[in-house]
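Following: one structure in structure tokens, then a few remarks.
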Amino acid sequence: MTTDFSDDVKDYIDRSLKHLWIHTVQQDELEQDDALLVIRSGEGIYLTDSKARKYIDLMSGLWVVAVGHGREQLSEIAAEQMARMSFANPFSYATEPAIDLATRLAEISPPGLERAFFVNSGSEAVETAIRMAKQWQYNRGDQRKFKVISRVGSYHGTTYGALSINHSSYMNKTPFEPMMPGAVKAPGELNADLIEQVVLQEKPETVAAIIAEPISTANGSHVPAPEYWKKLRALCDEHDIVLIADEVINGFGRTGKWFAMEHFGVTPDLITVAKQLSSGYAPIAAVLASEKISDGFRGDTSKALIGGSTWGAHPVSCAVALGNLDIIANERLVENSEKTGAYIAEQLLELQNRHSGIVADTRGIGLMQVIDLKRNVEAGESFREEDEIGKVVGQAMRDNGLLSRAGATIQIAPPLVINREEADEIVDSLDQVLDTVESTYGLK
Ligand SMILES: Cc1ncc(COP(=O)(O)O)c(C=O)c1O
């Protein structure tokens, strides 16, 4: 590790602390010694910071970088597309890259989802799906249906509609109230009957849509039983409710299938996608719509979807996303996610046996795995606030060359290009992290 770093490195850190608003970290924490990492470059599953320290990108950025860092093929595609033209008005015209990407998405998504509406972020995709669901109901002549049901613990984004349907304890919405009318919280991450009860209580004739992640990351990556999504599908069909699957994290191989809904054999009415759609090489997201929904916007002019987005279907992002999907397919990364994910899951079970005092559970699917820690597993005792488990695990991870979201739950979601040796490296490092946690709390 280099401690004698150059003036240039220091200058960047100073200017970051002064001018850059890092999204969710408390500024005071960032100002502590060596708290701020300036990430400079990446190769495969690795990232290097400005002090030349190398880390494994254990959460693929934010579940984004499927094909790994440093893919020159994608930068070449972006440069070629930029040289051809800058941009075309997506409110009125198509571009070839947008058509190619929409066609590919129709080919690889669950059957019946034929049309893609492109936007720039997961939040915007969720926001658009909410508007589509509401206007679809309105266009059918049903103006009573305005409620959107989402589940406890869920996270769907930060624009106002998406924010309103978040029910995660991590996100205090109080300063932003009042929220969107009709944003209804339901229990039932793993039990669809509880969602049905809420629909009935709320009166089905007022419910426009139900939205959920197929396998919820925000809720800790528990995989629902096979009949869960079938029940939700039947519930929505019975009451003309739009079923939205939020695959912003799950999509494009993260769970070992192209789309997580394939695990359940259910086709939703709308799917929101983002993140791995471009592996982060360019910002892009989309709503994938069934013909049932998109046909509801045909007819006279007033029925067209209200509202677009200037950067939606940006030709450079579309071209890069298509190149990214080519890499995922050609290098069989979806299969690798399933295979290497299963291998990591086995190794995590061994770690659980070795550290049974603090590892309460390991679980997941594909390359979306987690470790849950407790202060005392046998006594069922969780970490207390004063234990500062987030800080302890976060520092231990960094010291062992791992970057991820970590606290009482450690996320293990490396790029889909990961190989066996790299998986072993991760497990060895996690072993060290767990040793450190045990000694920090005097549990060894
Ligand atoms: C399930 C889900 N939906 C939507 C979003 C919002 O995406 P973005 O941060 O791109 O706006 C996220 C972000 O992590 C997410 O996890």
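Here are some notes:
- Qualifying residue in region 32-53 (condition: in a helix (DSSP H, G or I), of a type in the set (Lys, Arg) and at pLDDT 95 or above): no
- Considering only residues in region 297-335 that are buried (at least 20 other Cβ atoms within 10 Å of the Cβ) and polar (S, T, N, Q), the one that is farthest from Ser429 (Cα to Cα) turns out to be Ser317.
- Flag for Arg384 being exposed (fewer than 14 other Cβ atoms within 10 Å of the Cβ), basic (Lys, Arg) and under 30 Å from Glu127 (Cα atoms): no
- Among residues of region 225-262 being of a type in the set (A, V, I, L, M) and part of a strand (DSSP E or B), the one that is nearest to the chain's Cα centre (by Cα) is Ala245.
- Selected residue (only one of Glu196, Glu213, Glu247 is over 22 Å from Leu163 (Cβ atoms), of a type in the set (Asp, Glu) and assigned by TED's automatic domain parsing to the domain that holds Ile271): Glu196
- Hits in region 14-57 - residues which are more than 13 Å from Arg398 (Cα to Cα), of a type in the set (Asp, Glu) and in contact with a strand residue (DSSP E or B) (Cβ under 9 Å, 6 or more places away or on another chain): Glu43
- Elements of type helices (runs of 4 or more DSSP H) contained in region 104-221, each with 2 or more residues being away from the ligand (no atom under 16 Å from the Cβ) and without any contact (Cβ under 8 Å) to a residue 12 or more places away in the chain: 192-202
- Meets criteria (farther than 17 Å from Ser221 by Cβ, in the same structural domain as Arg53 (by TED's automatic domain parsing) and not β-branched (Val, Ile, Thr)) for Gly407: no
Let's see how each residue does on (1) charged (D, E, K, R); (2) out of contact with any Phe, Trp or Tyr (no Cβ under 9 Å at 6 or more places or on another chain):
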| position | (1), (2) |
| --- | --- |
| Lys391 | yes, yes |
| Ala396 | no, yes |
| Gly407 | no, no |
| Ile410 | no, yes |
| Pro414 | no, yes |
| Ile418 | no, yes |
| Gln432 | no, yes |
| Asp435 | yes, yes |
| Leu443 | no, yes |
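- Set side by side, the residues Met179, Met171, Met132 differ, and just one is surrounded by 22 or more Cβ atoms within 10 Å (Cβ to Cβ) and in contact with a helix residue (DSSP H, G or I) (Cβ under 9 Å, 6 or more places away or on another chain), which is Met132.
- Answer residue from region 263-316, given it is among the aromatic types (Phe, Trp, Tyr) and under 25 Å from the mean Cα position of the chain (by Cα) and is nearest to Leu74 (Cα to Cα) among those: Tyr281
The values are calculated or read from the model by the stated rules, or taken from the named source; none is laboratory data. Just so it is clear, the structure is predicted and the values come from calculations on it, not from any experiment. Glycine also receives a Cβ, built like all others from the backbone with ideal geometry; neighbour counts cover every protein chain displayed.
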